[in-house]
Amino acid sequence: MGNAQLQAKIRDLAKEMDAVILAHSYQVPEIQDVADFVGDSLDLAMKAYRTKAQCILFCGVDFMAETAAALNPGKTVLIPDPNSRCPMAGMLPRQAVVEAKKKHPSAATVLYVNTLAEAKAEADILCTSANAVRVVQSLPNKRILFGPDENLAYYVAKRVPDKEIIPIPEHGYCVVHKNLIQKWQLDLLKTEHPKAVLLAHPECNPDIQDSAGFVLSTNGMAEKARELPAKEFIVATEEGLAYRLRKENPGKKFYVIETAVCVQMKKHSLEKAYNALKSKSPVVTVPKGIAEKVRTVTERMLNLTI
Ligand code: SF4
C-alpha cells in the first residue's frame with residue numbers, strides 16, 4: 001500500500017475513533033503530513049492538554065507520550081512504536097534528582113520536559129527549550145537544579161546571570177545536538193551560503209550557540225524563518241525540521257546537516273501508526289501517583305506559558 005492510501009486509512013480510522021494525531025517536528029515527512037498538529041514539545045504538551053478527543057496518537061518519543069498520558073487520565077494515549085526512547089531522558093533517573101535535592105535543599109528543581117515521568121514527579125516545575133528562561137526567572141530561588149541537558153543549562157545560565165544554575169546530571173546531553181552537529185560543519189555551510197542566517201537549538205554546544213544569529217526552540221525557529229525577510233537559513237537541529245520549514249516557507253531555502261538524525265524519533269512509521277490505531281495499542285500509561293505529580297508540574301509550566 002502506498003503512503004497516500006495508508007494516510008487516508010489512518011485519517012478515516014482517527015475520525016472514527018475520535019483520535020487526534022500529534023507529531024513532533026523531527027518525525028519523518030509522511031507522519032508529519034498525516035498529523036493533526038506538528039510542533040515542538042511545548043506545543044504538543046499544550047495540544048495534549050487542551051484536546052477534547054478521546055484518544056491521542058502520539059508520534060514522538062517516550063517522555064512526550066508520557067506527558068500526554070499524565071495530562072489526560074481519562075483518555076487513551078497510543079504510541080506507534082513504544083521503543084522510541086529519548087536517550088537524554090534516560091540520563092536522569094529519579095534517584096539522581098532526589099540526591100541532588102538533598103545536596104542543595106535551598107534550590108528549586110526545574111526539569112526539561114525531556115525527562116521520564118518518574119524524574120518529573122520530583123521537579124518543582126517543568127520547562128521546554130521554548131520557555132526555560134521564563135520558567136527559571138519566575139522562581140524566587142537563587143539556586144536552580146536544572147536537568148538533564150547541560151547545553152540548555154548553559155543557555156539559561158547565560159540569560160539569567162543572577163541565578164546559580166546547577167546542571168543535573170553534570171553532563172547530560174542530546175546525542176544529536178551535541179555529537180552530530182559540530183561548529184565546523186556549520187562553518188562549512190556558511191562558506192557555501194554566506195547570506196544564510198544561522199538558527200541554532202539550545203541543545204547545541206556552547207560554541208554553536210555563541211556564534212548563532214538566533215538560539216531558538218524548533219517552534220521558535222519556524223516563527224523566525226517566517227518573520228525574517230532573509231531567504232536562506234542554516235538550521236542547527238535535527239534534520240526533520242527542514243521538511244516542515246520548507247513546506248511552510250516555499251520561497252525560502254533551508255540547509256541542515258543531513259546526518260543529524262534522531263534514530264529514536266524516526267522509529268515511527270505510517271504502518272505502525274495505522275496498527276496502533278487499529279489495535280488500540282500500545283497504550284502509554286503512567287502510574288497514578290506519578291501521573292498526578294507530573295500533571296501538577298506540567299500545569300505550573302503551562303500556566304506560565306498560556
Ligand atoms: S533529538 Fe535528542 S533530545 Fe530529542 S528525542 Fe532525539 S535524542 Fe532525545
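The values are calculated or read from the model by the stated rules, or taken from the named source; none is laboratory data. On a predicted model such as this, the values are computed, not experimentally measured, just so you know. FYI the Cβ positions are ideal-geometry reconstructions off the backbone, even for glycines, and counts take in every protein chain you see.
Odds and ends about this structure:
- Test: residue in segment 29-51 that is closer than 22 Å to ALA291 by Cβ, out of contact with any Lys or Arg (no Cβ under 9 Å at 6 or more places or on another chain) and of a type in the set (Asp, Glu): yes
- Inclusion of VAL38 among residues that are away from the ligand (no atom under 13 Å from the Cβ), buried (at least 19 other Cβ atoms within 10 Å of the Cβ) and assigned to a helix (DSSP H, G or I) is not warranted.
- You will find that of ASN131, ASN179, ASN151, the residue that is touching a residue at least 24 places away in the same chain (Cβ under 8 Å) and within 13 Å of the ligand (Cβ to nearest atom) is ASN151 and no other.
- Members of segment 183-208 that are within 16 Å of the ligand (Cβ to nearest atom) and either in a loop (DSSP other than H, G, I, E, B) or within 15 Å of the chain's Cα centre (by Cα) (or both): ALA200, HIS201, PRO202, GLU203, CYS204, ASN205
- Checking every residue in segment 195-207 against the condition of being without any contact (Cβ under 8 Å) to a residue 24 or more places away in the chain and not β-branched (Val, Ile, Thr) gives zero matches.
- Scanning segment 129-182 for residues that are charged (D, E, K, R), in a helix (DSSP H, G or I) and surrounded by 17 or more Cβ atoms within 10 Å (Cβ to Cβ) yields GLU150, LYS178.
- ASN275 being touching a residue at least 24 places away in the same chain (Cβ under 8 Å) and under 23 Å from PHE214 (Cβ atoms): no
Quick grid of which residues meet (1) part of a loop (DSSP other than H, G, I, E, B); (2) touching an Asp or Glu at 6+ places or on another chain (Cβ under 9 Å); (3) within 14 Å of the ligand (Cβ to nearest atom); (4) at pLDDT 95 or above:
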site	(1), (2), (3), (4)
GLN27	yes, no, yes, yes
ILE31	no, no, no, yes
TYR49	no, yes, no, no
ALA53	yes, yes, no, yes
THR67	no, no, yes, no
ALA70	no, yes, no, no
PRO73	yes, yes, no, no
ASP81	yes, no, yes, yes
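- Check on VAL77, assigned to a strand (DSSP E or B), assigned by TED's automatic domain parsing to the domain that holds LEU42 and hydrophobic (A, V, I, L, M, F, W, C): yes
- Search result, residues across segment 20-34 that are of a type outside the set (Val, Ile, Thr) and buried (at least 23 other Cβ atoms within 10 Å of the Cβ): LEU22, ALA23, HIS24, SER25, TYR26, GLN27
- When the residues of segment 104-115 are filtered to those that are surrounded by 23 or more Cβ atoms within 10 Å (Cβ to Cβ) and outside any loop (DSSP other than H, G, I, E, B), the one that is modelled with the lowest pLDDT is TYR112.
- Verdict on ASN114 being within 13 Å of the ligand (Cβ to nearest atom), in the same structural domain as PRO161 (by TED's automatic domain parsing) and at negative phi: yes
- Test: VAL286 is more than 30 Å from ALA4 (Cα to Cα), buried (at least 17 other Cβ atoms within 10 Å of the Cβ) and touching a residue at least 40 places away in the same chain (Cβ under 8 Å): yes
- Against the numbered list (1) within 16 Å of the ligand (Cβ to nearest atom); (2) closer than 18 Å to ASN179 by Cα; (3) crowded, with 23+ Cβ neighbours inside 10 Å, ILE257 comes up short only at (3).
- VAL97 out of contact with any Ser or Thr (no Cβ under 6 Å at 6 or more places or on another chain), modelled with pLDDT of 95 or more and within 12 Å of ILE168 (Cβ to Cβ): yes
- Restricting GLU99, GLU118, GLU66 to those that are touching a residue at least 40 places away in the same chain (Cβ under 8 Å) and surrounded by fewer than 22 Cβ atoms within 10 Å (Cβ to Cβ) reduces the list to GLU118.
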